[in-house]
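The values are calculated or read from the model by the stated rules, or taken from the named source; none is laboratory data. In this text, all values refer to a predicted model and were calculated from it rather than measured experimentally. Cβ: placed from backbone, ideal geometry, glycine included. Neighbour counts: every protein chain shown. Calculation scope for accessible area: heavy atoms of the full protein, side chains included, ligands and nucleic acids excluded. Shrake-Rupley method; radii C 1.70, N 1.55, O 1.52, S 1.80 Å.
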Amino acid sequence: MSTTFTIDSSTSRATPVSAPMKRVTVPAVRKRKGGEPLVMLTAYTVRTAQLFDPHCDLLLVGDSLGQVIYGLPSTVPVSLEMMAAHGAAVVRGSYHAMVVVDMPFGSYETSPEKAFESAAWLLKQTGAAGVKLEGGVAMAPTVQFLVERGIPVMGHVGLTPQAVNMLGGYGARGRTQEEAAKIIDDGQAIARAGAFSLVVEGVIEPIAIELTRSIDCPTIGIGASAQCDGQVLVAEDMLGMFERVPRFVKRYGDMAGYISERAEAYANEVRSRAFPGVEQVYQPK
């Protein structure tokens with residue numbers, strides 16, 4: 001972990017403004033409990049951050065980048081260095097939304113001290129405002145350890161992708177009484193430990209509603225319920241970049257189709273020598 005990324009706030013805006021907006025803060029997120037729903041999308045690059053920033057309260061640099069950007073089979077192989085590089089890019093591309101960076105598998109589970117080392121390094125490298133980690137009761141002492149040392153933590157319970165090998169897949173959670181009770185216990189433990197918000201993923205709706213009502217920090221649903229205090233989606237799923245998406249995703253466009261059509265048009269023009277045209281080439285003066 002020796003790579004250093006330079007953070008320059010002067011280059012963090014697609015279009016400079018006369019008075020830079022103040023970023024959404026941890027207290028501001030907490031105050032949204034029970035109020036206007038929080039809007040969160042994933043972002044991995046400067047340009048997507050620039051486009052999403054005016055519309056989002058939070059931008060999540062998710063370890064889903066392992067699959068979305070790098071084509072990995074799961075989030076498990078993602079490294080701290082990968083998260084730092086993309087986290088710094090998203091911070092540079094935004095000026096309004098609070099940026100939260102996922103802590104990848106293996107970077108925080110060993111001990112609270114290890115988690116602090118990883119989280120502090122991530123925040124220093126990226127300029128992000130907080131980190132997200134997966135887990136429930138077992139991770140509560142780690143969350144408390146981080147919060148007491150000044151690191152804002154977003155929790156994540158229910159379907160936890162980093163534990164896919166233990167869970168046996170990505171199906172919905174909470175269909176048995178035992179599993180439902182565990183999800184509630186996990187969420188409440190993370191909230192008590194001081195998390196400023198809690199992602200609730202892939203659970204049956206009654207659990208999401210009960211958990212939302214039982215804790216004092218905002219819940220952010222993904223495959224949960226509209227009654228959560230906010231929502232998050234993987235941006236590429238929402239935009240229609242992939243043909244296969246989880247059931248809980250609503251596709252707001254068909255970017256894959258659009259991009260494929262434009263690539264086909266370009267290829268046809270190159271092969272017919274229609275491109276480049278007179279407008280795209282330099283002529284002698």
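The mean sequence separation of alpha-carbon pairs under 8 Å and at least six residues apart, normalised by the residue count of the stretch 221-285, gives a relative contact order of 20 percent. Taking Thr176, Thr48, Thr142 as the candidate residues, the one with maximal mean-square fluctuation in a Gaussian network model of the chain, Cα springs under 10 Å, is Thr176. In order along the stretch 224-233, phi translates into HN-Hα couplings of 10, 6, 5, 7, 5, 7, x, 9, 9, 9 Hz, rounded to whole numbers, per the Karplus curve 6.51 cos²θ - 1.76 cosθ + 1.60 with θ = phi - 60° and x for Gly and Pro. Close amide-amide hydrogen proximity is noted between Lys132 and Val101, Asp102, Met103, Met154, each under 5 Å apart and 5 or more residues distant or on a separate chain (H modeled in the peptide plane; Pro and chain starts excluded). Computed with every protein chain present, the accessible area of Ser79 is close to 40 Å² [probe 1.4 Å]. Note on Phe275 and Lys114: the extension gain reaches 52.5 nm, defined as 0.36 nm multiplied by sequence separation minus the Cα-Cα distance. Computed over the stretch 134-285, relative contact order equals 17 percent, with contacts defined as Cα pairs under 8 Å that lie 6+ residues apart. Remark: the stretch 204-216, residue by residue, has Karplus-estimated 3J(HN,Hα) of 5, 4, x, 5, 4, 5, 4, 5, 4, 6, 9, 10, 9 Hz, where x stands for each Gly or Pro and the curve is 6.51 cos²θ - 1.76 cosθ + 1.60 at θ = phi - 60°.
Extension gain Ile259-Glu36, at 0.36 nm per residue separation less the Cα-Cα distance, in nm?
Numbers: separation 223, 0.36 × 223 = 80.28 nm, distance 3.42 nm.
Computed gain between Ile259 and Glu36 is 76.9 nm.
Once you charge only the Cβ atoms, +1 for Lys and Arg and -1 for Asp and Glu, what is the size of the charge dipole of the stretch 52-202 about its Cα centre, to the nearest 20 debye? Let's see the in-between values first.
Details: 9 positive and 15 negative charges, 25 e Å.
Here the stretch 52-202 has a charge dipole of around 120 debye.
In summary, the lysines within cross-link reach of Lys114, defined as a Cα separation below 29 angstrom excluding same-chain residues under 8 places away, comprise Lys124, Lys132, Lys182. Taking the square roots of five times each eigenvalue of the Cα gyration tensor of the stretch 26-169, the equivalent ellipsoid has semi-axes of 22, 19, 15 Å, listed largest first.
Accessible area per residue of the stretch 229-271 at 1.4 Å probe, in Å²?
72 Å²
Over the alpha-carbon set of the stretch 58-118, divide Rg by the Kirkwood Rh and report the Rg/Rh ratio to two decimals.
Numbers: Rg = 12.1 Å, Rh = 12.2 Å.
Rg/Rh for the stretch 58-118 comes to 0.99.
Whole angstrom only: what separates the Cα centroid of the stretch 57-89 from the Cα centroid of the stretch 249-285? So the two Cα centres are separated by 29 Å. So which aspartates and glutamates pass the test for Lys250, namely a Cα distance under 19 Å, with those fewer than 8 places away in the same chain ruled out? Counting by Cα, and skipping residues close in sequence, Lys250 has these aspartates and glutamates nearby: Glu201, Glu205, Asp229, Glu236, Asp237. Summarised as an ellipsoid, the stretch 226-285 has semi-axes of 41, 14, 6 Å, derived from the eigenvalues of the Cα gyration tensor scaled by 5 and square-rooted, with the largest first. In a Debye calculation with equal point scatterers on the alpha-carbon sites of the stretch 88-146 and no solvent, what is log10 I(q)/I(0) at q = 0.14, 0.18, 0.26, 0.28 Å⁻¹? Calculated log10 I(q)/I(0) at the listed q: -0.39, -0.60, -1.04, -1.15.
With one equal scatterer per alpha carbon and no solvent term, the Debye-computed log10 I(q)/I(0) for the chain at 0.11 1/Å reads -0.64.
For the stretch 70-166, which whole-number percentage of the solvent-accessible area (1.4 Å probe, protein heavy atoms only) is attributable to carbon and sulfur atoms?
Accessible surface attributable to carbon and sulfur in the stretch 70-166 totals 60 percent.
Below 8 Å, C-alpha to C-alpha, sequence gap of six or more: please give me the relative contact order for the stretch 186-254 in percent.
Numbers: 103 pairs, mean separation 16.7, N = 69.
Rounded, it is 24 percent for the stretch 186-254.
From largest to smallest, the equivalent ellipsoid semi-axes obtained for the stretch 127-285 from the alpha-carbon gyration tensor read 44, 20, 13 Å.
Mean residue ellipticity, 222 nm, helices only, the chain: the sum of -39500 (n - 2.57) across DSSP H runs of n ≥ 4, divided by residue count and rounded to 500, is -11000 deg cm²/dmol.
For the peptides 198-209, 224-235, 268-279, 107-118, what is the packing order when you average, over each peptide's residues, the other Cβ atoms within 10 Å and list the highest mean first?
For the peptides 198-209, 224-235, 268-279, 107-118, the packing ranking is 198-209, 224-235, 107-118, 268-279.
Principal-axis analysis of the Cα atoms of the chain puts helix 177-192 at an angle of about 80° to the longest axis. Mean-square fluctuation check for the chain, GNM, Cα pairs under 10 Å: which of Met82, Met40, Met98 is largest? Looking only at Met82, Met40, Met98, the biggest GNM fluctuation is shown by Met82. Per-residue 3J(HN,Hα) values for the stretch 278-285, derived from phi via the Karplus relation 6.51 cos²θ - 1.76 cosθ + 1.60 with θ = phi - 60°, read 4, 6, 9, 10, 8, 10, x, 6 Hz in sequence order (x marks Gly and Pro).
For the stretch 220-261, taking Cα atoms only, Rg and Dmax work out to 11.6, 38 Å respectively.
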